[in-house]
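**Q** The following block contains the structure, expressed as structure tokens.
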Amino acid sequence: MVALKEQDLLAKLQDPGMKATAFHQLVITYQQMLYFHIRRIVIDHEDTDDVLQNTLLKAWKYIDQFRAQSSIKTWLYRIATNEALTFLSKKKKASFQDLNDIQNDLRHSLSEGKYIDGDEIQLKLQQAILSLPERQRLVFNMRYYDELKYDEIADILSVSTGALKASYHHAVRKIEEYLKTQS
Amino acid sequence: MKDFDEHKDELKNAPFLDKMKRKNVFEVPENYFSEMAEDWKDKAEDEAIMEETRFLKNIEKKNIFQVPEAYFDQLPGKIAPENQAKPKIRLFWRNPAVNLSIAASIVILISLGIWGLFNRVSSQEADPSTLLSEVPTEILLASVDVSEYDINMIVETMGEEALKDWTEIQNLHLDEEEVSDLLDHFEVSDLEAALLENPE
């Protein structure tokens, strides 16, 4: 099925009579993109499923207020990113964990291998990405895997493109360093 | 010039087409060409950085994350308006007993109708035993089915420290909707089983 043009989709999403059908189309169009973005942040499938559902429920709730100052895609990315980071933050606070513990949890989820299919080098790469500071990890994933433009990432994270480019380049060098020490 | 002349001759046989104003009907989004140039410049810079690496550039770019069978077929149905519930909240049950303590604390506080009271009492002033003893039994029973376990046992098991530490609970920043959701999804049997598994 060909995706509806964004303007048409938005008009339908904001029309009460067509909202449900249009939202169904939106979910079909963007669910995989959002799922894998969230999955790279929270790693575990069950957690991803929860965060994704919350993301889509919030999109449904707030789509009437969306004023198209960014694309629907970056708006959804922003909600998903916020929901995923909030999830990790609540998890950290709820379990009295610090950042290192959370990173260890994420590494543990990765090594458990549930719904993960990667050889040793792919897993090492994921471990390297998990070792990055949060913002660098987000930027690296969105640029390297999702191939978003810096402008889009800037919209999502509310950070200047200059800072994003620096973050990405730092991330690449740190990952390389990690892989070198592990080789 | 020969091509042009031939073209003019061809149009003589198509008078309607010859009279039509020539116009490019194809449009591009605003700033398309300038953004494309910027995008290519960014990609070139990124590739230059990647080329400097020895290990990373040789790893295949691959998505290693998988989903259960038919997950994406079923998700739109789960999100459909008629199936929408309130946003879900995770209780982190799979984690250690200390997480259980917090979740249990919140549930008990809510079920006893004293959540608001605790939010107004500082950690130094709060005394779980006193507060619990002031809760009328009918409120307690009306809120949660506690007939199968002794609430004092739960308080003792999870430790008063967890109950006293309101700051940690408040740091969860639960809004009313989430608190309501927490109650809706709370199962006494889960708590009981978890307590037995994690007595500390």
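The values are calculated or read from the model by the stated rules, or taken from the named source; none is laboratory data. This structure is a prediction, so every number in the text was calculated from the model and none was measured. Cβ: placed from backbone, ideal geometry, glycine included. Neighbour counts: every protein chain shown. Just the protein is used for accessible areas: all its heavy atoms, side chains included, with ligands, DNA and RNA removed. Shrake-Rupley method; radii C 1.70, N 1.55, O 1.52, S 1.80 Å.
**Q** Mind listing whichever residues of the range A:121-142 are of a type in the set (A, V, I, L, M, F, W, C), under 17 Å from B:Ile59 (Cβ atoms) and open to solvent by less than 10 Å² (accessible area, probe 1.4 Å)?
**A** Selection gives A:Leu125, A:Ala128, A:Ile129, A:Leu130, A:Leu132, A:Phe140.
**Q** Return a yes/no flag: does the range A:94-107 have any residue that is within 12 Å of chain B (Cβ to nearest Cβ), in contact with a strand residue (DSSP E or B) (Cβ under 8 Å, 6 or more places away or on another chain), at pLDDT below 95 and open to solvent by less than 40 Å² (accessible area, probe 1.4 Å).
**A** There is no residue in the range A:94-107 that is within 12 Å of chain B (Cβ to nearest Cβ), in contact with a strand residue (DSSP E or B) (Cβ under 8 Å, 6 or more places away or on another chain), at pLDDT below 95 and open to solvent by less than 40 Å² (accessible area, probe 1.4 Å).
**Q** Then there is this: Given the conditions (1) β-branched (Val, Ile, Thr); (2) farther than 19 Å from A:Leu34 by Cβ; (3) buried (at least 19 other Cβ atoms within 10 Å of the Cβ), report the number of the one that A:Thr161 does not fulfil.
**A** (3)
**Q** Could you check the range A:169-183 and list, in sequence order, the residues that are more than 7 Å from every other protein chain (Cβ to nearest Cβ) and either surrounded by 19 or more Cβ atoms within 10 Å (Cβ to Cβ) or of a type in the set (Ser, Thr, Tyr) (or both)?
**A** Passing the criteria: A:Ala171, A:Tyr178, A:Thr181.
**Q** Now for a separate question. Which is in contact with a Ser or Thr (Cβ under 6 Å, 6 or more places away or on another chain), more than 9 Å from chain B (Cβ to nearest Cβ), in a helix (DSSP H, G or I) and not small (Gly, Ala, Ser), of A:Ile63, A:Ile38? Before you say what the answer is, go through the steps one by one.
**A** Values: A:Ile63 fails: in contact with a Ser or Thr (Cβ under 6 Å, 6 or more places away or on another chain).
Answer to the check: A:Ile38.
**Q** Next question. Return yes or no: is A:Ile38 at pLDDT 90 or above, open to solvent by less than 20 Å² (accessible area, probe 1.4 Å), hydrophobic (A, V, I, L, M, F, W, C) and over 26 Å from B:Asp73 (Cβ atoms)?
**A** In short, no.
**Q** Quick one: what pairs do we get from the range A:165-182, first residue farther than 9 Å from B:Leu56 by Cβ, second open to solvent by 90 Å² or more (accessible area, probe 1.4 Å), C-beta under 7 Å, 6+ apart or different chains?
**A** Final answer for the pair search is A:Ser167/A:Arg135.
**Q** Right, next: Quick check on the range A:143-158: of everything there that is in a loop (DSSP other than H, G, I, E, B) and within 11 Å of chain B (Cβ to nearest Cβ), which residue is least open to solvent (accessible area, probe 1.4 Å)?
**A** Just the residues of the range A:143-158 that are in a loop (DSSP other than H, G, I, E, B), to begin with: A:146-149, A:158.
This time we only want the ones that are within 11 Å of chain B (Cβ to nearest Cβ), so: A:146-149.
On the way: A:Asp146: 39, A:Glu147: 122, A:Leu148: 3, A:Lys149: 84 Å².
My answer is A:Leu148.
**Q** Which number in (1) touching a Ser or Thr at 6+ places or on another chain (Cβ under 7 Å); (2) open to solvent by 50 Å² or more (accessible area, probe 1.4 Å); (3) modelled with pLDDT of 70 or more marks the one condition that B:Val98 misses?
**A** Looking at each condition in turn, B:Val98 falls short on (3).
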